[in-house]
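Peer 1: Once you've had a glance at the structure underneath, I'll fire off some questions.
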Amino acid sequence: MKILKRKGFTLTELIVSIVIAGILSIIAIPKIITWIHYSKVRQAAEELTSDLIWSQSLAMEKGSSKVVINSDNYEIYAPATNSTPIKTISIDSPITLTPSFSGGTNYINFKRNKLPVQNGNITVSGYGISYKITISAISGRIYLQRL
């Protein structure tokens, strides 16, 4: 008599595979969500840093520029006396911007030589993570660091 071999999975093997996949997803999904949140905050901080550097370039071209920082958006003006922004960027909630410039203003001006008129920091925070953008009036250097 011939014995037939059946190819495939048993019900037990299938259930064990589903349980293992479920356990792995329970562990992985929260970490993926956290990574996505951190990436959003980092992206907002990097975009603002890039736009500040671009604003320095605009100051060289137009004579001056100004970046106005609000908690949920920022606007770039060139020249600084212009009443209409050339670029406005909105920041998605719950990410917030907190400017801290000498003089207590919420804006920073750049002169034709790319140097800012005042020192300052901008904190980009959300989802329990923060980045600080520092602007040096002496060197004009703009750099980003994680807090």
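Peer 1: With springs connecting C-alpha atoms under 10 Å apart, model the chain as a Gaussian network and identify which of ILE135, ILE33, ILE122 has the largest mean-square fluctuation.
Peer 2: Looking only at ILE135, ILE33, ILE122, the biggest GNM fluctuation is shown by ILE33.
Peer 1: For helix 11-62, what angle does its Cα long axis make with the longest principal axis of the chain, in degrees from 0 to 90 and rounded to 10?
Peer 2: Approximately 10 degrees, to the nearest ten.
Peer 1: For the chain, what is the charge dipole size about the Cα centre, in debye to the nearest 20, if Lys and Arg each add +1 at the Cβ and Asp and Glu each add -1 at the Cβ?
Peer 2: 680
Peer 1: Which of the peptides 98-104, 124-130, 19-25, 79-85 is most tightly packed, and how do the rest follow, judged by the mean count of other Cβ atoms within 10 Å per residue?
Peer 2: Averaged packing, sorted descending, gives the order 124-130, 98-104, 79-85, 19-25.
Peer 1: Pull out the extension gain between TYR127 and ILE53, defined as 0.36 nm times the separation in residues minus the alpha carbon to alpha carbon distance; nm, one decimal.
Peer 2: Contour length minus Cα-Cα distance gives 24.1 nm.
Peer 1: For Cα extents along the principal axes in Å, one of (i) 43, 39, 24; (ii) 51, 30, 23; (iii) 96, 27, 27 was computed from the structure I shared and the rest are decoys. Which label?
Peer 2: Correct label is (iii).
Peer 1: Which lysines does LYS40 reach when only Cα atoms under 17 Å apart count, and residues fewer than 8 places away in its own chain are ignored?
Peer 2: Of all the lysines, those that pass the test against LYS40 - Cα under 17 Å, at least 8 places apart if same chain - are LYS31, LYS132.
Peer 1: Same structure again: What FRET efficiency do you get for TRP35 and THR81 if R0 is 30 Å and r is their Cβ-Cβ distance, rounded to the nearest 0.05?
Peer 2: Plugging the Cβ-Cβ distance into 1/(1 + (r/R0)^6) gives 0.10.
Peer 1: For LYS87, list the lysines whose Cα falls under 16 Å from its own Cα; do not include residues on the same chain fewer than 8 positions away.
Peer 2: Here the lysines satisfying the reach criterion relative to LYS87 are LYS62, LYS66.
Peer 1: May I ask you to sort ASP72, ASP92 by Cβ crowding, counting other Cβ atoms within 10 Å and putting the fewest first?
Peer 2: ASP92, ASP72
Peer 1: Could you list the residues of the stretch 123-146 with an amide nitrogen less than 20 Å from a label point located 7 Å from the Cα of ILE89 in the Cα-to-C-beta direction?
Peer 2: From the stretch 123-146, the list is 123-137, 140-146.
Bear in mind these aren't lab numbers, they're just calculated from the coordinates by the rules spelled out. Here the structure is a predicted model, which means the values were calculated and not measured. In this analysis, Cβ positions are derived from the backbone assuming ideal geometry, glycine residues included, and neighbour counts consider all displayed protein chains.
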